[in-house]
1. How long is the gain from Leu23 to Asp68 if the chain were fully straight, where each residue apart is worth 0.36 nm and the alpha carbon distance is subtracted?
2. Using θ = phi - 60° and the Karplus form 6.51 cos²θ - 1.76 cosθ + 1.60, what ³J(HN,Hα) does each residue of region 29-41 get, whole Hz, x for Gly and Pro?
3. Give a quick list of GluC sites (Glu not before Pro) in region 91-186 that DSSP marks as loop, anything other than H, G, I, E or B, with at most 12 other Cβ atoms within 10 Å.
4. Given H placed on each backbone N at 1.01 Å, which residues far from Trp91 in sequence or on other chains put an amide H within less than 5 Å of it?
5. Could you check how much of the accessible area of region 1-151 is carbon and sulfur, as a whole percent, using a 1.4 Å probe?
6. Could you tell me whether region 1-76 comes out rounded, prolate or oblate from its Cα gyration tensor? Rule is a ≥ b ≥ c as square roots of the eigenvalues, rounded for a/c under 1.5, then prolate if a/b exceeds b/c, otherwise oblate.
7. For each cysteine in the chain, check whether another cysteine's C-beta sits under 4.7 Å from its C-beta; list those where none does.
8. What is the sum of charges, Lys and Arg at +1 and Asp and Glu at -1, for the other residues whose Cβ falls under 11 Å from the Cβ of Arg71?
Amino acid sequence: MGAPFANLSQGRAEVYLGSASGLATSPAWTALGDHPYAEFGNSVASAGDVNGDGFSDVIVGASTFTNDVLREGGAFVYLGSASGLADASAWTVGSDQYDSEFGSSVAPAGDVNGDGAGDVIIGAYLFDNTQVDEGRAFVYLGSASCYDADGDGYGSPGNAVCPAGAETDCDDTRDTVYPGATQICDGLNNDCRYPGWPSLVGTNEFDNDGDGFTTCEGDCDDSDSNTYPGAPEVNDAKDNQCPGDSGRGVVDEISGTAGFTDLSDPTAFCWTSQTGATQYEAVRSDDPTFATGCTTSVTSVTCWSDPSNPPSGAGFFYLVRVIAPNVGSWGQDSSGNERTGVCP
């Protein structure tokens, strides 16, 4: 039934389900007009089965609806399904003529062309043709064909005759969005089946670990807030850098700078602290390959005071790594290879 003057004449249409005990007292489906003074619900009727899916559909008229033309009138078809009528209209039509009262009457027209899909008839009793306000009736044919505007194989509404089957395309304007689509980096949730669609939560477009990067922005582990492009290493027995970062492939190496940077103690070899680290191992060697001549210091702070001086004409070389709670890497050499065999 219709209530065309509800809500400033935006209008409303409702369906009440029958049963063995009679009609329900509350509507099972309600559609609201969204244009002021459109008088949506001026007429309401069964539309038959316009898409041949085996479910009855509903047509609603709005005799003073404004779209491209002021007060041209309109009619809206809502498709039925196993779960009931759809919330949004699947098909809309207007008269393209001012004040024609198009949609003042709507009705099923049977199957006028025998294609197995229901057709509808719409009246416009003030439609002008050769005579002013002579009126006109319009018949529109249903179709069991696939309405697939974006060509992705899924229709809107869904139909078993569509290449991909009867499931409905949740966005028939983009061929990258459909049921079961692969998530790509286009700012959208591409998979209609994804829980909460169209929300991006849980997809590659959402920062699921809160580190400021999404998978689409290069986060190589969006379940770990310590791992992202350009991340400093933390002591977690994992490589916190992402592909393309300096140090990728090396685990728990010291990030930042190291050297004799403490102006108050010129003997102190210092380094950048590592989050989570509780103990460090620093080594000094007179061999740049750190194969011989090593001295080692284990400390819980980020400096090692080493008063020793190298022999005349020689030099010392220093390295540092974390050893607790997780043993880290010595880092990489000047060629980008991970250092191994340090001070055996």
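1. On the way: separation 45, 0.36 × 45 = 16.20 nm, distance 3.84 nm.
That pair, Leu23 and Asp68, stretches by 12.4 nm at full extension.
2. Karplus-based 3J(HN,Hα) across region 29-41 equals 8, 9, 10, 10, x, 10, 10, x, 6, 7, 6, 4, x Hz.
3. Glu134
4. Amide H to amide H, under 5 Å and 5 or more residues apart or across chains, Trp91 pairs with Val77.
5. Numbers: 4000 of 7570 Å².
Of all accessible area on region 1-151, carbon and sulfur atoms account for 53 percent.
6. Oblate, since a/c reaches 1.5 and b/c is not below a/b.
7. none
8. In short, -4.
The values are calculated or read from the model by the stated rules, or taken from the named source; none is laboratory data. These numbers were taken from a predicted model, which means no experiment stands behind them. Every residue, glycine as well, gets a Cβ built from its backbone with ideal geometry; the counts of neighbours run over all protein chains shown. In case anyone asks, the SASA skips ligands and DNA or RNA and just uses the protein heavy atoms, side chains included. Shrake-Rupley method; radii C 1.70, N 1.55, O 1.52, S 1.80 Å.
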